[in-house]
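J.: Once you've had a glance at the structure underneath, I'll fire off some questions.
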Amino acid sequence: MRTYFRNVYRSLITILIGMRQTWRHLFTPSVTLQYPHEKWDLPVGTRQQLFVNIDDCIGCYKCARICPVDCIYIDTVKAKPDEDLGKASTGNPIRQHVVRFDIDMFKCCYCNFCTTVCPTDCIYMTDKYETSVYDRSNGIYHFSKYAPDYAAKLIVDEKEAEAAKAAARAAAKEKAMAAKKAKVAE
Amino acid sequence: MFNNIFKKQRYYFDSEGLLVVDMSPSSAVHYQEAVQAATQDAGFSGEDMVINFGPQHPSTHGVLRLEVVLEGELVKKVTPHLGYLHRNFEKHAEYIPYNEIVPYTDRLDYLAAMNMNLGYVLAVEKLLGLTELPERVEYIRVICAEFNRIASHLMAIGTFGLDAGAITPFLWAFRDREKILDLFEWLSGARMLYNYIWVGGVARDLPDGWVEKAKEFLDYFEPMMVEFNNLLTHNHIFIERTAHIGILPADVAINYAATGPVLRGSGVKWDLRRDQPYSIYDRFEFDIPVGEGMYGPVGSAFDRYWVRIREIEESVKILRQALDQIPEGDVFEAIPRKIRPPAGKEAYFRSEAPRGEIGFYIRSNGSDIPDRVKCRSSCFVNISLIDEISRGQLVADLVINIGSIDIVLGEVDR
Amino acid sequence: MTPQDIADKVQKQFGDAVLEFDAEALDPVIKVNPEAWFDICEFLKTDADLEFDNLVCLSGFDYGAGKELGIIIHLYSFPKRHSIAVKADLPRENPRIRSIESLWRTADWHEREVFDLYGVVFDGHPDLRRILCPDDWEGYPLRKDYEVQEFYHGIRVPYKEDWEEFDTFLKNPRRGHFVFQFERTLPANGNAKPKEKPSP
């Protein structure tokens, strides 16, 4: 019986101690933010949506290679010897057409590896975080500056050029073989 | 009676994507058969009831599913079923280079990602023989790990209060945890999954003014812990609710290889930071809190909670020393260009994460991709105790026992 | 006791069952014959000088496709404060070893995990079921020659990139829309990240 009343007494007292804390905090400023209306400041270097400044991209594949989840897709076409694609803002010469630079933001794990390895700082994380979309395909961001048909043309051209080169090489080889044979026959 | 309920039509899509209508009451039959089989396996009579607890239950702290055999309201047997969050981290790790595994370790214990990073990175450094790191790196690592320990324990004690029916302390704990996350966001750019501690260094140097802000936070935080204690720890109802249940004797805890607050709550003074000091923990002065059995038997749910509260205070002590001593220096100089341990070498390294020992067993095959990465998860081991500590208690106490073990399913299921 | 002493003691007791001892390894490891696995573990636990009461970790591993499987335990002794690792190689076909669950209760789930992911059968284990994968999963995922099943209950298991969808999207004339919309919301100074940039 005594234990029972002691328990009741202690419970009441400890609740009152807690309530005193709560009461005191009634007069302190609130710490909650009404999110869609108010937004908190993000610090410098925050890791949210990825962005690629494609003019600076030299197509080195470093970001695609280090990505732990393989969410960066790059296709490049080598520039012809007489073509000058200029330089990136950091001074690195651009020698490739980046015909495709897609990032699947649904796969991205925001680990920041791609931005740390980029030699020209062209891929970086912005402070944009409200990126929900209605369609899954809209989560794939395309950054290449080439129109699809032109990109396709570049790819076809490169393939043709390569095929021509290979054919020329094969022909040259055959010629050399024939010459050799002729020599042996002599 | 139940048969009628289950006799509804069921629709599902087969492998070709076609709609199939299942008219048979197979689900009801399966369910009843399963119940009968489970009760018979456990050696219980038909009076016992098998209930399914989870996986979508707020107090299981994730997607843990427990198969509970009840006799009235008493728990007779608890069988945990894991794997609802299984993604086979260990298989992933066999396909990607050493440094790229660090973001994956974030996702193990996502409430203490810094400690997971640290545990993995220290294991790789042991494998590489990389012991001489810049002083500043070591200090930054310890500071991050201890801050994350506080954040993780705040989450643990907050949700533990929630399990016991106290809602307010949960929100208070979250408010303070949020401030730590702000510090981390400033430091690493992310709030939860930091990818901050890298092999041989850290991802970024401390920003200007970070140390001062961190000290400011500690000054703010210590009185808040007193308030938290007033609110929850010393509350008599809470004590009565938790101090007599979930009793775990020390020998059982050791036999089950329980670690962290679960082991220390049973009165075993064992902390890797003191007993096998890694990084620079041997330079700091701090105590190892153990369960004292203040309000009931040693090793109760309250003791495990109390150890967490005390550990927060010890972490604050370590942080104050580390923030005062932190030297200047370059944090990137020791980051290795290539991580290629010799073939066939293997290392096991364990470190003290908030929930217990996190161990990484790494075998190398000579390339930059590991041959095997085994994560010895603390929660995985600790949750196997749930049957031991809940048997013979009320089903309402089961919730508190889960909360007192403090699991994170990301680490249990890996 | 140093690892060398422990190994000597075990060697003295079991003789040929100890295949080799690597004292140079980062964690000194005794390689034992799987036949004597349980006896050696029991000796390590119960001997008055060793008293390994804590099984820290039990892990399986694979030497590679076509080679053997392995199992390694890391032990620690709270009273004596020393540690050792013990490992054994098992054949790839029908790997069996005696369970040490009766010595350390924690081995229960560790062994279930190794059974689940490597297919090692532990004789004498009271409840050897899969633990992380579903009960009716096929194959043992962590083996090096594992091939994932195509369907699980009608669900496609392997992840495949839907390249067709990708290509149709690439040809969509409106695809630039997203890039432009995104560009407009960029901060004025653009690159907002700290200067220090090590390579990870």
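J.: Take the residues in segment C:98-112 that are touching an Asp or Glu at 6+ places or on another chain (Cβ under 7 Å) and facing another protein chain (nearest Cβ under 10 Å), then tell me which one is farthest from residue C:130 (Cα to Cα).
T.: Narrowing segment C:98-112 to residues touching an Asp or Glu at 6+ places or on another chain (Cβ under 7 Å): C:98-99, C:101, C:103, C:107-108, C:111.
Narrowing the set further to residues that are facing another protein chain (nearest Cβ under 10 Å) leaves C:103, C:107-108.
Values: C:103: 21, C:107: 14, C:108: 12 Å.
Ranking the candidates gives C:103 first.
J.: Continuing with the same structure: Cβ-Cβ distance below 7 Å, separation of 6 or more or different chains: which pairs start in segment B:248-265 with a residue that is farther than 14 Å from residue C:105 by Cα and away from every other protein chain (no Cβ under 12 Å) and end on one that is in a loop (DSSP other than H, G, I, E, B) and among the basic types (Lys, Arg)?
T.: B:260/B:355
J.: I need the full set of residues from segment C:59-91 which are without any contact (Cβ under 8 Å) to a residue 60 or more places away in the chain, open to solvent by less than 30 Å² (accessible area, probe 1.4 Å) and farther than 20 Å from residue C:17 by Cα, in order please.
T.: Selection gives C:59, C:61, C:76, C:77, C:78.
J.: Continuing with the same structure: Filter segment B:371-383 for residues that are of a type in the set (Val, Ile, Thr) and within 7 Å of chain C (Cβ to nearest Cβ) and give the result.
T.: B:381
J.: Here are some residues: A:16, A:12, A:42. Which one is open to solvent by 20 Å² or more (accessible area, probe 1.4 Å), of a type in the set (A, V, I, L, M, F, W, C), within 9 Å of another protein chain (Cβ to nearest Cβ) and more than 20 Å from residue B:182 (Cβ to Cβ)? If you could, list the steps in order and put the result at the bottom.
T.: On the way: A:16 fails: within 9 Å of another protein chain (Cβ to nearest Cβ); A:42 fails: more than 20 Å from residue B:182 (Cβ to Cβ).
So the residue among A:16, A:12, A:42 that is open to solvent by 20 Å² or more (accessible area, probe 1.4 Å), of a type in the set (A, V, I, L, M, F, W, C), within 9 Å of another protein chain (Cβ to nearest Cβ) and more than 20 Å from residue B:182 (Cβ to Cβ) is A:12.
J.: Hey, does segment B:76-90 have a residue that's in a helix (DSSP H, G or I) and more than 14 Å from chain A (Cβ to nearest Cβ)?
T.: Here is the first cut: in segment B:76-90, the ones in a helix (DSSP H, G or I) are B:89-90.
Narrowing the set further to residues that are more than 14 Å from chain A (Cβ to nearest Cβ) leaves B:90.
Checked against the condition, which is being in a helix (DSSP H, G or I) and more than 14 Å from chain A (Cβ to nearest Cβ), segment B:76-90 yields at least one hit.
J.: For residue B:351, are the conditions met, namely being touching a residue at least 40 places away in the same chain (Cβ under 8 Å), within 13 Å of another protein chain (Cβ to nearest Cβ), surrounded by fewer than 24 Cβ atoms within 10 Å (Cβ to Cβ) and within 22 Å of residue B:312 (Cβ to Cβ)?
T.: The answer is yes for residue B:351.
J.: Determine whether segment C:113-131 contains at least one residue that is at the interface with chain B (Cβ under 9 Å from one of its Cβ atoms), at pLDDT below 90 and in contact with a strand residue (DSSP E or B) (Cβ under 6 Å, 6 or more places away or on another chain).
T.: no
J.: Only one of A:81, A:36, A:43 is at pLDDT below 85 and over 30 Å from residue B:238 (Cβ atoms); which?
T.: None of the other options fit; the residue is A:81.
J.: Would you check which residues across segment B:234-266 are surrounded by 19 or more Cβ atoms within 10 Å (Cβ to Cβ) and in a loop (DSSP other than H, G, I, E, B) and list them?
T.: Listed by number, the residues that qualify are B:235, B:243, B:245, B:246, B:247, B:248, B:256, B:257, B:258, B:259, B:260, B:266.
J.: With B:273, B:191 as the choices, which residue is within 21 Å of the chain's Cα centre (by Cα), assigned to a helix (DSSP H, G or I) and modelled with pLDDT of 85 or more?
T.: That would be B:273, the only listed residue that is within 21 Å of the chain's Cα centre (by Cα), assigned to a helix (DSSP H, G or I) and modelled with pLDDT of 85 or more.
J.: Which one of A:32, A:90 is open to solvent by 60 Å² or more (accessible area, probe 1.4 Å) and in contact (Cβ under 8 Å) with a residue 24 or more places away in the chain?
T.: After ruling out the rest, the residue left standing is A:90.
J.: Sticking with this one: Specify which of the listed residues (A:6, A:47) is open to solvent by 100 Å² or more (accessible area, probe 1.4 Å) and of a type outside the set (Ser, Thr, Tyr).
T.: Answer to the check: A:6.
J.: Please go through segment B:354-370 and pick out each residue that is surrounded by fewer than 22 Cβ atoms within 10 Å (Cβ to Cβ) and facing another protein chain (nearest Cβ under 9 Å).
T.: B:365
J.: Name the residue that is nearest to residue A:17 (Cα to Cα), counting only residues in segment B:207-219 that are within 12 Å of chain A (Cβ to nearest Cβ) and open to solvent by 10 Å² or more (accessible area, probe 1.4 Å).
T.: If we take residues in segment B:207-219 being within 12 Å of chain A (Cβ to nearest Cβ) and open to solvent by 10 Å² or more (accessible area, probe 1.4 Å), then B:213 is nearest to residue A:17 (Cα to Cα).
The values are calculated or read from the model by the stated rules, or taken from the named source; none is laboratory data. Remember, it's a predicted structure, so these values are computed and weren't measured experimentally. Ideal geometry is used to build each Cβ from the backbone, glycine not excepted, and the neighbour counts take in all protein chains shown. These area figures cover heavy atoms from the full protein model, side chains too; ligands, DNA and RNA do not enter into them. Shrake-Rupley method; radii C 1.70, N 1.55, O 1.52, S 1.80 Å.
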